[in-house]
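The values are calculated or read from the model by the stated rules, or taken from the named source; none is laboratory data. Owing to the predicted nature of the structure, the values given are computational and were not obtained by experimental measurement. We place every Cβ from the backbone using ideal geometry, glycine too, and count neighbours over all the protein chains shown.
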Amino acid sequence: MKNIVILISGRGSNMEALIAARDAGNLPVNIAAVISNRPDAAGLETAMKSGIVAHFVDHKGFAGREAFDAALAECIDQFSPDLVVLAGFMRILSEGFVRHYEGRLLNIHPSLLPSFPGLHTHQRALDEGVRIHGCTVHFVTPALDHGPVIIQAAVPVLDSDDETSLAARVLRQEHRIYPQAVRWFAEDKLRLEDGRVRLAAELADSAALISPEVR
């Protein structure tokens, strides 16, 4: 069974989805630790109540990004992770950190990458008038919100949508596809090949999920 470490900055709703999938027997991993860059992150208490070791490395205590990332990596590596999962971790990571975990560092982003990297993705999607929006699980590379895509979920953008309603619809799909991507990794059903994710043959039709719900 693979060890994973989850990084959060706040409540960590995607962390909660991973814990729920583990508890339901749908995610065959050991969640070795949850680590935050904020000592007041609500998700730390959630992790402890779920029997998971919780730590924080406060980024405010470091002079620069590289120093913080080095301390964070030292904390992570205590748990010998096979995979590091970013679940609402609101820090731009240094190239050295990303290279250290190359091929075993995942992120989920609230857009259909490569569209709308960065922040405020839902409002930007509305402003551009797109009809399909969604979320993406990908391997992390030094380029912000860039890297080989593992799985995406698409949702319709409704004429009645505002940023809040669209964000809620996308978040429901995030909670579906992140545990799925982590499970594929845990079961050795994906690999990186020439900068692209290759899924096991039986998963070939699962690379994109179209939401069945319109709310």
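Summary of computed values
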read-out: Sole exception among (1) part of a helix (DSSP H, G or I); (2) in contact (Cβ under 8 Å) with a residue 12 or more places away in the chain; (3) of a type outside the set (Val, Ile, Thr) for LEU93, by number; value: (1)
read-out: Residue list for region 36-67, filter: of a type in the set (Gly, Ala, Ser) and either in a helix (DSSP H, G or I) or exposed (fewer than 14 other Cβ atoms within 10 Å of the Cβ) (or both); value: ALA42, GLY43, ALA47, GLY51, GLY61, ALA63, GLY64, ALA67
read-out: Yes/no for ALA41 being outside the structural domain of PRO179 (by TED's automatic domain parsing), touching a Gly at 6+ places or on another chain (Cβ under 9 Å), closer than 14 Å to ILE8 by Cβ and at pLDDT 95 or above; value: yes
read-out: Answer from ALA201, ALA208, ALA181 - the residue that is among the aliphatic types (A, V, I, L, M), modelled with pLDDT of 95 or more and either within 22 Å of SER13 (Cβ to Cβ) or not assigned by TED's automatic domain parsing to the domain that holds PHE89 (or both); value: ALA181
read-out: Qualifying residue in region 17-27 (condition: touching a Ser or Thr at 6+ places or on another chain (Cβ under 9 Å), not β-branched (Val, Ile, Thr) and not in a helix (DSSP H, G or I)); value: no
read-out: Positions within region 44-67 being within 15 Å of SER13 (Cβ to Cβ) and in contact with a Gly (Cβ under 9 Å, 6 or more places away or on another chain), in sequence order; value: LEU44, THR46, ALA47
read-out: Within region 71-88, considering residues that are in contact (Cβ under 8 Å) with a residue 24 or more places away in the chain and part of a helix (DSSP H, G or I), the one surrounded by the most Cβ atoms within 10 Å (Cβ to Cβ); value: LEU72
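Residues checked against (1) farther than 18 Å from VAL84 by Cβ; (2) in contact with a Phe, Trp or Tyr (Cβ under 6 Å, 6 or more places away or on another chain); (3) of a type outside the set (A, V, I, L, M, F, W, C):
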{"site": "GLU128", "(1), (2), (3)": "yes, no, yes"}
{"site": "PRO148", "(1), (2), (3)": "no, yes, yes"}
{"site": "VAL155", "(1), (2), (3)": "yes, no, no"}
{"site": "ARG169", "(1), (2), (3)": "yes, no, yes"}
